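Engineer: Encoded as structure tokens, here's the structure I'll be asking about.
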Amino acid sequence: MASHIYQRPKLYQKQSDAFFNTDRYSWIEGSTKSGKTVSCMAWLFEQALFVGKEGREFWWVAPAIGTAKIAFRRIKRGVPKGFLKSNDSELTHTLPNGAVMRFKTGEKPDNLYGEDVWAAVLDEASRMRVEAFYAVRSTLTATRGPIRIIGNVKGRKNWFFLGCRKAEAGEQGHSYHKIIATDAVAAGVFPQEELDDARRALPDAIFRELYLCEPSDDGGNPFGLKYIRQNIAPISNRAPVVYGGDLAKSVDWTVLHGLDDNGVTTSHTRFQLPWKETMGRIRMICGATHAVLDSTGVGDPIVEELQRVGSNFTGLKFTAQSKQMLMEGLAVAIQQGEVQYPDGVIVSELESFEYEYTRTGVKYSAPEGSHDDCVMALALAVHAKKSRPPEATVIVL
Ligand SMILES: Nc1ncnc2c1ncn2[C@@H]1O[C@H](COP(=O)(O)OP(=O)(O)OP(=O)(O)O)[C@@H](O)[C@H]1O
Ligand SMILES: [Mg+2]
């Protein structure tokens, strides 16, 4: 029989302190890519190895089955071939001592009740409902098993944030740990250039939450409530230099937003008209001024039609990437005071906007059932201003 010697992966000091301690509950706020998942995997594996016996359960719970599968596969890759008996459809790894590591989703907390569990990990806890935590905790009651609860910081109004604060305040049996991107940089597992790049590319509040574990006060607003209000100003009476336009889809409005050369709003028009009249209205408002219009879906033929009569019209198609780029550009403009708009519908749309971290990046959107057309038109106008062709030189003879 092959013998195996277990060696813990080399973790940096903050990682081992956060996970390998004697507290039953460890709450860990960790920046993205600081090595949270790797540490949890090593910890849960050791629990199964040293506390495990025939049939004892060790759980990994993630926000979605896809993320649970990633951890399942990472463990499989990390352990010498033949050591684990893996069941790819049940998402279990059984150790030679009979202990079962099981990978589950927290999406349906009711499915998490019932078993006795000897140790558990809640990975990405700030993206899970509190019911998932209650359920997993109940499975640890009979065994008095330990748990590692770990996630990114995401606002202040969630159970993970509050649990971390209680642990930080010294709750019996709980410990609190924080690992930020600069710790990972110092340990050499995260490149400094990546951190610098993220700082430049992301809106400040998001960068601070994701990389420095500093909660924003904005409940997930990507622009920053304070900054949104700082840019409220009356309509300018200078000439517009650009327009941004969001064309109506089935339910919402066509919105045209004009900005002057200082970034102050010159006009803001919302209307719902049949397509032919919509085109006429756009031509009338924009005249020969540079305009960037949303050309997604039904917008495409409209923009083409407009381009036949005016070379000042540019189309921009919304994709996950282009929308992210537009929203980040708008967030930077708002935070640096480069754009001004009147109070009212624009401000309230900006205030209710939300962002969400997904595995592919940061996603920006209006909450379910709310409009985002004013925000999109404003973002297009800001983009139009940045991408504006150089002024034509007027030669006076
Ligand atoms: N101590 C370490 N030594 C070497 N490499 C490490 C160490 N810790 C983490 N890594 C590497 O850093 C990368 C990110 O680790 P991991 O996925 O655990 O981070 P995370 O904090 O869970 O990230 P995410 O924000 O994506 O959930 C991985 O490639 C991992 O192998
Ligand atoms: Mg992770």
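The values are calculated or read from the model by the stated rules, or taken from the named source; none is laboratory data. No experiment lies behind these values; they were computed from the predicted model shown. Neighbour counts run over all protein chains shown; Cβ positions are idealised from the backbone, glycine included. Just so you know, the surface numbers come from the protein's heavy atoms only, side chains and all, with ligands and any DNA or RNA stripped out. Shrake-Rupley method; radii C 1.70, N 1.55, O 1.52, S 1.80 Å.
Engineer: Say we look at the stretch 350-367 and pick out the residues that are within 16 Å of ligand 1 (Cβ to nearest atom) and at negative phi; which of these is most open to solvent (accessible area, probe 1.4 Å)? Lay out the reasoning, then the answer.
Structural biologist: In the first step, residues of the stretch 350-367 are kept if they are within 16 Å of ligand 1 (Cβ to nearest atom); the result is 355-363.
Now restrict to residues that are at negative phi: 355-360, 362-363.
Values: Tyr355: 8, Glu356: 86, Tyr357: 18, Thr358: 44, Arg359: 156, Thr360: 137, Val362: 13, Lys363: 107 Å².
Ranking the candidates gives Arg359 first.
Engineer: If you don't mind, another one. When Ala42 is evaluated against the numbered criteria (1) without any contact (Cβ under 8 Å) to a residue 60 or more places away in the chain; (2) near ligand 1 (Cβ under 10 Å from one of its atoms); (3) at positive phi, which criterion, by number, is the only one it fails?
Structural biologist: (3)
Engineer: So, of the residues in the stretch 22-46 that are of a type in the set (S, T, N, Q) and crowded, with 22+ Cβ neighbours inside 10 Å, which turns out to be farthest from the chain's Cα centre (by Cα)? Talk me through it step by step, then tell me what you get.
Structural biologist: Within the stretch 22-46, the subset of a type in the set (S, T, N, Q) is 22, 26, 31-32, 34, 37, 39.
From the residues that got through so far, the ones that are crowded, with 22+ Cβ neighbours inside 10 Å too are 26, 31, 34, 39.
Values: Ser26: 24, Ser31: 12, Ser34: 16, Ser39: 22 Å.
Result: Ser26.
Engineer: Please work out which one of (1) charged (D, E, K, R); (2) over 16 Å from Asp260 (Cβ atoms); (3) at pLDDT 85 or above is the condition Glu338 fails and give its number.
Structural biologist: Here Glu338 clears every test but (2).
Engineer: Quick check on this structure: which one of Lys33, Lys85 is over 23 Å from Phe133 (Cβ atoms) and within 13 Å of ligand 2 (Cβ to nearest atom)? Spell out how you get there, then give the answer.
Structural biologist: Details: Lys85 fails: within 13 Å of ligand 2 (Cβ to nearest atom).
None of the others qualify; the one that does is Lys33.
Engineer: Considering every residue within the stretch 57-79, establish whether at least one is touching a residue at least 40 places away in the same chain (Cβ under 8 Å), away from ligand 1 (no atom under 13 Å from the Cβ), at positive phi and open to solvent by less than 60 Å² (accessible area, probe 1.4 Å).
Structural biologist: no
Engineer: Follow-up. Scan Ser295, Ser267 and give me the residue that is among the hydroxyl-bearing types (Ser, Thr, Tyr), surrounded by 17 or more Cβ atoms within 10 Å (Cβ to Cβ) and assigned by TED's automatic domain parsing to the domain that holds Val362. Break it down stepwise before answering.
Structural biologist: On the way: Ser267 fails: surrounded by 17 or more Cβ atoms within 10 Å (Cβ to Cβ).
Criteria check complete, one pass: Ser295.
Engineer: Among the residues of the stretch 69-78, is any away from ligand 2 (no atom under 16 Å from the Cβ) and either touching a helix residue (DSSP H, G or I) at 6+ places or on another chain (Cβ under 8 Å) or in a helix (DSSP H, G or I) (or both)?
Structural biologist: So in the stretch 69-78, the residues away from ligand 2 (no atom under 16 Å from the Cβ) come out as 76.
Of the ones still in play, those that are also either touching a helix residue (DSSP H, G or I) at 6+ places or on another chain (Cβ under 8 Å) or in a helix (DSSP H, G or I) (or both) are 76.
Yes, the stretch 69-78 has at least one match.
Engineer: Scan Ser3, Ser26 and give me the residue that is more than 11 Å from ligand 1 (Cβ to nearest atom) and at pLDDT below 95.
Structural biologist: Details: Ser26 fails: at pLDDT below 95.
One residue alone meets the criteria, Ser3.
Engineer: Can you list residue pairs whose Cβ atoms sit under 8 Å apart, with the first residue in the stretch 3-30 being without any contact (Cβ under 8 Å) to a residue 60 or more places away in the chain and the second being open to solvent by less than 30 Å² (accessible area, probe 1.4 Å) and among the hydroxyl-bearing types (Ser, Thr, Tyr)? Count only pairs 6 or more apart in sequence or on different chains.
Structural biologist: Leu11/Ser39; Ser16/Ser39
Engineer: Also, quick follow-up: Can you name the residue in the stretch 47-68 that is within 29 Å of the chain's Cα centre (by Cα) and part of a helix (DSSP H, G or I) and, of all such residues, is farthest from Gly188 (Cα to Cα)?
Structural biologist: Looking at residues that are within 29 Å of the chain's Cα centre (by Cα) and part of a helix (DSSP H, G or I), I get Ile65.
Engineer: Within the stretch 270-292, count every residue that is among the hydrophobic types (A, V, I, L, M, F, W, C) and open to solvent by 30 Å² or more (accessible area, probe 1.4 Å). It would help to see each step written out before you state the result.
Structural biologist: Within the stretch 270-292, the subset among the hydrophobic types (A, V, I, L, M, F, W, C) is 271, 273, 275, 279, 282, 284-286, 288, 291-292.
With the extra rule that they be open to solvent by 30 Å² or more (accessible area, probe 1.4 Å), the set shrinks to 273, 275, 279, 284-285, 288.
Selection size over the stretch 270-292: 6.
Engineer: Tell me, please, whether a residue that is within 16 Å of ligand 2 (Cβ to nearest atom) and closer than 21 Å to Leu350 by Cα can be found in the stretch 229-243. Steps first, answer last, please.
Structural biologist: Restricting attention to the stretch 229-243, the residues satisfying the condition of being within 16 Å of ligand 2 (Cβ to nearest atom) are none.
Looking through the stretch 229-243, none of the residues is within 16 Å of ligand 2 (Cβ to nearest atom) and closer than 21 Å to Leu350 by Cα.
Engineer: Let me ask something additional. Using the structure shown, decide if Arg137 is out of contact with any His (no Cβ under 6 Å at 6 or more places or on another chain), open to solvent by 10 Å² or more (accessible area, probe 1.4 Å) and not in a loop (DSSP other than H, G, I, E, B).
Structural biologist: On the way: out of contact with any His (no Cβ under 6 Å at 6 or more places or on another chain): yes; open to solvent by 10 Å² or more (accessible area, probe 1.4 Å): yes; not in a loop (DSSP other than H, G, I, E, B): yes.
Yes: the conditions hold for Arg137.
Engineer: Kindly provide the set of residues from the stretch 301-322 that are surrounded by fewer than 19 Cβ atoms within 10 Å (Cβ to Cβ) and part of a helix (DSSP H, G or I), ordered by number.
Structural biologist: Correct list: Pro301, Glu304, Glu305, Gln307, Arg308, Val309, Ala320, Gln321, Ser322.
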